[in-house]
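The values are calculated or read from the model by the stated rules, or taken from the named source; none is laboratory data. Owing to the predicted nature of the structure, the values given are computational and were not obtained by experimental measurement. All Cβ positions, glycine included, derive from the backbone under ideal geometry; neighbour counts span all protein chains shown. Each accessible area value is taken on the protein alone, full model and side chains, heavy atoms only, with ligands, DNA and RNA left out. Shrake-Rupley method; radii C 1.70, N 1.55, O 1.52, S 1.80 Å.
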Amino acid sequence: MNRRLQDPFEDLDLPLFIEEVLQQGVARCIAFNHWGTVLAAGCEDGSLVLWDFETRVAAREAAPHAQAITCLAWSRCGRFVATGSRDGCTALWDVARSEAVYRQELPGVPVALSGQRQNPTCVLASFYAGPPQLVALRPGGAARALPALGPEHSSRKAGGAALFSRSGAHIFLASAGAMAVLDASSLQVLQTLQMPPARVEGLALSQCGRHLLAICGDKAIREFSVAERLATSVAERLATAHTPASRPATLEQEGKLLLAAAGEFRNPVEGHGWRAAALTSDGEHVLGASDVRAANVIFAWSRFGKRQLDVIIEGAKEGAAALAWHPRRNCMASLGDSGAIFLWARVYSERWSAFAPGFSELQDNEEYVEQEDEFDINARPEPEAGVAEDEDREVDILAEQDAQSGSDSDVGAVLRFLPLVVQPQTPPESPAVDGGAARQAGNAQGTSPLPGTEPKQDPAVEPTREERAANGERGTGEAYKTSYKLVRLAEAAT
Amino acid sequence: MAQPGEVANATPPAAAQTHEEARPAGGETRRIPADPHRPAYQLKRTLEGHTRGVVSVKFSNDGRRLASASADKTARVWDPFTGDCLHILSGHTEGVNDVAWDPEDRYLATASDDKTLLLWAAQTGERLRKLEGHTNYVFCCAFNPAHGSLVSGSFDETVRLWEVKEGKEIKHLPAHSDPVTAVDFNRDGTLIVSSSYDGLARLWYPATGSCRATLVDAAAPPVAFAKFSPNGKYVLVATLDDTLKLWDYEKVKAVKVYRGHKNRMHCLFGAFCVTDTKGKWIVAGSEDHSIFIWGLNTKQVVQVLPGRPSKDAPGEGHCDAVLAVACHPKETMIASGALGADCTVKVWVDEALAPS
């Protein structure tokens, strides 16, 4: 059942080792933005740290709350982060301007937030107890409670989990015993599925929007497949005109299901439960973080075939409280109980054939077959390498083919990358030019960076090395470079 | 060592010849060229100030400023529309080899023979960071257009990736077996190209540091320059056998070859000009003091901006080998910089109207 046991040499494209540990503050929740360029982490002290994923540094730090941040959600455009805190508030944080845009009181401490695709001010907050709320994070906005799924559950005040569909037009609502699809504007229940009467700890949606995971209290992760129309973006949805009132009837008439149970994942051996779940960006694997607190055990199941366990990812010495799969790359982030963020990468193998053209990597030895004329005295005509025969074909150096899926057209201006902000460094190195230049005896450069000032150049005190570099082509390195080139030519000639 | 005498001696016939070629395309008289499908760049202004050769010029991404790097240990920031020198970035202890703008035009990075890179605030000219780690001359640098990272290539044969905010090195690629002459990111920062005297241009994934492809010919002349096309699909590679090639790196195949200029000794820059309604051009300097412009698809030389054999000679072109060229991101403007006998940055503008 464990694929790694079956074939130890098979290359599993799952991240298996910890590449880096990010630690700044005690993180309590993590989320990637839509492109995976920024990883947001909400901390115990109420601060929000935005990590640049490429360079692995804390690019921005902010303190939207005074108490621990319990959950956060990116807006699809990447410009806002909605944060929920133990202080019972949710705030909308403007990433570009580093300020809180709006703050809204909630009836409890939110445990999960979900942002809508087009409207960054519209978030869904889930609570430990009580129904999830649809919150409008703008002046005059209000919180609307989602309807209870059946009278028998509402009396128990059980918490539920809610999530926007990928298109933002629907809401998935799960509570003990039921899973429902709601229309996001009217909050009308469009479809209800029965589930075992266990508490739903959380929901997770795949990148493509077609697969939904529910972490259930009965030690199972249940997978649901989502109808295509809930996953398509608003532009496509608007193309097919409809009225919200007529939709439930139409769906029933068509007999189309919006949501269907697809399977469940358990650990039949130890039988432990799950704290977090995620889908890989290609949708091929389901990941579950076990609730074993002493060690970070992440199970990875294949979504295809018999839904068997592929591999158990182990490594960290602490339990994983949250999982976040990178939306574009084959790597993931897990959040340890200590507040450290672990970045997992797959075992990387070098492609040696890329280092020289014409080489290919062999898996086994191959017998070399000598060509008949291989050692002939008359050399064969060398094929003209490099230049293609179809050299007159037009090339297009402007057209951009975006390999990344998903259009950003309906979400307004996007903030895909955090602009670089570099603060001047404090001592030991005294700031800027003056200090730098003063340390250099005999440096005759003008030290004033004032606009328009001409540098006072005194050739008499210039280092002799500079003199030697004749014309100083591309710096003094040119002296070496030119002679170097001549050596190479000489070598080539002999 | 450079041999200025030899270059100068070799120059007059070559320059005269190219001058003849260039005359019908615009030369001295300011008129619409005979062929409306050719560019007609003319000298707009000369930016004087550097006291040694200018080895790199780069327009800012918004096109409002121009940075130049020089062997006189400074980099300068100019206004290309007025010719004013806005800042002089001095702090390197050796000549500056390359300069790069950050994607938001707020910072500048300079690579120098003093084995360091410096980061500057572009608005104030203040020095912000010193990136140390290379063990030999740092020859080239480029900002990641997507993230706050910087890539640099050096004579120590490595390519290094830097995190600029903290000023730390994040990756170290043992990329080549000879000095690295150029590095560039593609437009979304997912690939790096590096070129070297070892005759190779290599593509790298910055995320893992793994090699994606190697671009090399059978002859493998030293590679002086490599740059991604604006859409990141092709790589322009200059080799020290008077050749520029456009490679399709997915097929690992050269699709265009541009010849006619002289490039045997120095690491000359090449540039894509895509702002002209008359066509798309490849622009490169030449060691015969002129600047060559080719049609991207036709591979024909469409204009030569002629140089002069010496400073006293008549004309308005450069009077030493033109190492640096850059094309304006929006206007039909070319900036160029030449070596020690010239020391100037020249701005060329095509004001002739496109055929309607």
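Taking residue B:35 as meeting all but one of (1) at pLDDT 90 or above; (2) open to solvent by 20 Å² or more (accessible area, probe 1.4 Å); (3) part of a loop (DSSP other than H, G, I, E, B), write down the number of the exception.
(1)
Filter the stretch B:47-72 down to residues that are within 11 Å of another protein chain (Cβ to nearest Cβ) and open to solvent by less than 10 Å² (accessible area, probe 1.4 Å) and give me whichever is farthest from residue B:118 (Cα to Cα).
Of the residues in the stretch B:47-72, the ones within 11 Å of another protein chain (Cβ to nearest Cβ) are B:48-56, B:69-72.
Right, trim to open to solvent by less than 10 Å² (accessible area, probe 1.4 Å) and you get B:53-56, B:69-72.
Details: B:53: 20, B:54: 18, B:55: 17, B:56: 15, B:69: 12, B:70: 14, B:71: 15, B:72: 15 Å.
My answer is B:53.
When the residues of the stretch B:144-154 are filtered to those that are open to solvent by less than 10 Å² (accessible area, probe 1.4 Å) and within 9 Å of chain A (Cβ to nearest Cβ), which remaining residue is nearest to residue B:100 (Cα to Cα)? Walk me through how you get there before you give the answer.
First, the residues of the stretch B:144-154 that are open to solvent by less than 10 Å² (accessible area, probe 1.4 Å): B:144, B:146, B:148-154.
Checking which are within 9 Å of chain A (Cβ to nearest Cβ) leaves us with B:144, B:146, B:148-149.
Numbers: B:144: 10, B:146: 14, B:148: 13, B:149: 12 Å.
Here the residue is B:144.
Taking the stretch A:164-193 only, how many residues are assigned to a strand (DSSP E or B) and either among the aliphatic types (A, V, I, L, M) or surrounded by fewer than 20 Cβ atoms within 10 Å (Cβ to Cβ) (or both)? Reasoning before the result, please.
Taking the stretch A:164-193 first, the residues assigned to a strand (DSSP E or B) are A:164, A:170-175, A:178-183, A:189-193.
Filter again for either among the aliphatic types (A, V, I, L, M) or surrounded by fewer than 20 Cβ atoms within 10 Å (Cβ to Cβ) (or both), leaving A:171, A:173-174, A:178-183, A:189-193.
So the count comes out to 14.
Just the residues that are surrounded by fewer than 19 Cβ atoms within 10 Å (Cβ to Cβ), within 12 Å of chain A (Cβ to nearest Cβ) and in contact (Cβ under 8 Å) with a residue 60 or more places away in the chain, please, taken from the stretch B:260-280.
Answer for the stretch B:260-280, where residues must be surrounded by fewer than 19 Cβ atoms within 10 Å (Cβ to Cβ), within 12 Å of chain A (Cβ to nearest Cβ) and in contact (Cβ under 8 Å) with a residue 60 or more places away in the chain: just B:279.
Is it the case, given these coordinates, that residue B:335 is touching a strand residue (DSSP E or B) at 6+ places or on another chain (Cβ under 9 Å) and aliphatic (A, V, I, L, M)?
Numbers: touching a strand residue (DSSP E or B) at 6+ places or on another chain (Cβ under 9 Å): yes; aliphatic (A, V, I, L, M): yes.
It is true that residue B:335 is touching a strand residue (DSSP E or B) at 6+ places or on another chain (Cβ under 9 Å) and aliphatic (A, V, I, L, M).
Determine whether the stretch B:215-223 contains at least one residue that is farther than 30 Å from residue A:348 by Cβ and more than 7 Å from chain A (Cβ to nearest Cβ). Show your work before the answer.
Step one: of the stretch B:215-223, the residues farther than 30 Å from residue A:348 by Cβ are B:218-219, B:221-222.
If we keep only those that are more than 7 Å from chain A (Cβ to nearest Cβ) as well, we get B:219, B:221.
Checking the stretch B:215-223: at least one residue is farther than 30 Å from residue A:348 by Cβ and more than 7 Å from chain A (Cβ to nearest Cβ).
Is it the case that residue B:189 is closer than 26 Å to residue A:53 by Cβ, crowded, with 21+ Cβ neighbours inside 10 Å and within 9 Å of chain A (Cβ to nearest Cβ)?
Details: closer than 26 Å to residue A:53 by Cβ: yes; crowded, with 21+ Cβ neighbours inside 10 Å: yes; within 9 Å of chain A (Cβ to nearest Cβ): yes.
Judged against the criteria, residue B:189 is a match.
Any chance you could count how many residues in the stretch B:178-214 are over 24 Å from residue B:56 (Cβ atoms) and assigned to a loop (DSSP other than H, G, I, E, B)?
Final tally of qualifying residues: 6.
Of everything in the stretch B:241-254 that's more than 9 Å from every other protein chain (Cβ to nearest Cβ), at pLDDT 90 or above and touching a strand residue (DSSP E or B) at 6+ places or on another chain (Cβ under 8 Å), which residue is surrounded by the fewest Cβ atoms within 10 Å (Cβ to Cβ)?
Here is the first cut: in the stretch B:241-254, the ones more than 9 Å from every other protein chain (Cβ to nearest Cβ) are B:241-244, B:249-250.
Now drop any that are not at pLDDT 90 or above, which leaves B:241-244.
Then drop every residue that is not touching a strand residue (DSSP E or B) at 6+ places or on another chain (Cβ under 8 Å), which leaves B:242-244.
Values: B:242: 16, B:243: 20, B:244: 25.
Checked the stretch B:241-254; the qualifying residue surrounded by the fewest Cβ atoms within 10 Å (Cβ to Cβ) is B:242.
If you take the residues of the stretch B:198-213 that are within 23 Å of residue B:267 (Cβ to Cβ) and more than 7 Å from chain A (Cβ to nearest Cβ), which of them is nearest to the chain's Cα centre (by Cα)?
Out of the qualifying residues, it is B:201.
Could you figure out which of (1) of a type outside the set (S, T, N, Q); (2) surrounded by 12 or more Cβ atoms within 10 Å (Cβ to Cβ); (3) at pLDDT 75 or above isn't true of residue A:374?
Only one criterion in (1) of a type outside the set (S, T, N, Q); (2) surrounded by 12 or more Cβ atoms within 10 Å (Cβ to Cβ); (3) at pLDDT 75 or above is unmet by residue A:374, namely (2).
Step by step: first the residues of the stretch A:326-345, then only those that are open to solvent by 30 Å² or more (accessible area, probe 1.4 Å) and under 24 Å from residue A:221 (Cα atoms), then the one that is farthest from the other protein chains (Cβ to nearest Cβ). Which residue is that?
Filtering the stretch A:326-345 for residues open to solvent by 30 Å² or more (accessible area, probe 1.4 Å) gives A:328-330, A:337-338.
With the extra rule that they be under 24 Å from residue A:221 (Cα atoms), the set shrinks to A:328-330, A:337.
On the way: A:328: 9, A:329: 7, A:330: 10, A:337: 27 Å.
For the stretch A:326-345, the residue satisfying everything is A:337.
Which of the residues spanning the stretch B:162-182 are open to solvent by less than 10 Å² (accessible area, probe 1.4 Å), closer than 30 Å to residue A:424 by Cα and small (Gly, Ala, Ser)?
Correct list: B:182 only.
Which numbered condition in (1) within 9 Å of chain A (Cβ to nearest Cβ); (2) under 23 Å from residue B:198 (Cα atoms) is the only one that residue B:129 fails?
So residue B:129 meets the others, but not (2).
Given the conditions (1) open to solvent by 10 Å² or more (accessible area, probe 1.4 Å); (2) in a strand (DSSP E or B); (3) more than 7 Å from chain A (Cβ to nearest Cβ), and given that residue B:103 satisfies all but one, which numbered condition is not satisfied?
Exception for residue B:103: condition (2).
With respect to the numbered conditions (1) over 24 Å from residue B:58 (Cβ atoms); (2) within 9 Å of chain A (Cβ to nearest Cβ), which one is the sole condition not fulfilled by residue B:234?
Unmet condition: (1).
Show me the strands (runs of 3 or more DSSP E) entirely contained within the stretch A:30-90 in which 1 or more residues are modelled with pLDDT of 90 or more and buried (at least 21 other Cβ atoms within 10 Å of the Cβ).
Values: elements: A:38-43, A:48-52, A:57-62, A:69-74, A:80-85.
In the stretch A:30-90, A:38-43, A:48-52, A:69-74, A:80-85 are the strands (runs of 3 or more DSSP E) which contain 1 or more residues that are modelled with pLDDT of 90 or more and buried (at least 21 other Cβ atoms within 10 Å of the Cβ).
Considering only residues that are within 23 Å of residue B:177 (Cα to Cα) and either out of contact with any strand residue (DSSP E or B) (no Cβ under 9 Å at 6 or more places or on another chain) or open to solvent by 20 Å² or more (accessible area, probe 1.4 Å) (or both), which ones fall in the stretch B:214-232?
Taking the stretch B:214-232 as the starting set, the residues that turn out to be within 23 Å of residue B:177 (Cα to Cα) are B:214-228.
Within the stretch B:214-232, B:216, B:217, B:218, B:219, B:220, B:221, B:227 meet the criteria.
Please specify each residue of the stretch B:73-84 satisfying the condition of being surrounded by fewer than 21 Cβ atoms within 10 Å (Cβ to Cβ) and within 12 Å of chain A (Cβ to nearest Cβ).
Initially, the stretch B:73-84 is screened for residues surrounded by fewer than 21 Cβ atoms within 10 Å (Cβ to Cβ), giving B:79, B:81-84.
The answer is B:79, B:82, B:83, B:84.
Look through B:257, B:283, B:235 and report the one residue that is part of a strand (DSSP E or B), at pLDDT 90 or above and open to solvent by 10 Å² or more (accessible area, probe 1.4 Å). Spell out how you get there, then give the answer.
Values: B:283 fails: open to solvent by 10 Å² or more (accessible area, probe 1.4 Å); B:235 fails: open to solvent by 10 Å² or more (accessible area, probe 1.4 Å).
Result of the check over B:257, B:283, B:235: B:257.
One line per residue, one yes/no per condition, for (1) at pLDDT below 85; (2) assigned to a strand (DSSP E or B):
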residue	(1), (2)
A:293	yes, no
A:299	no, yes
A:307	yes, no
A:310	yes, yes
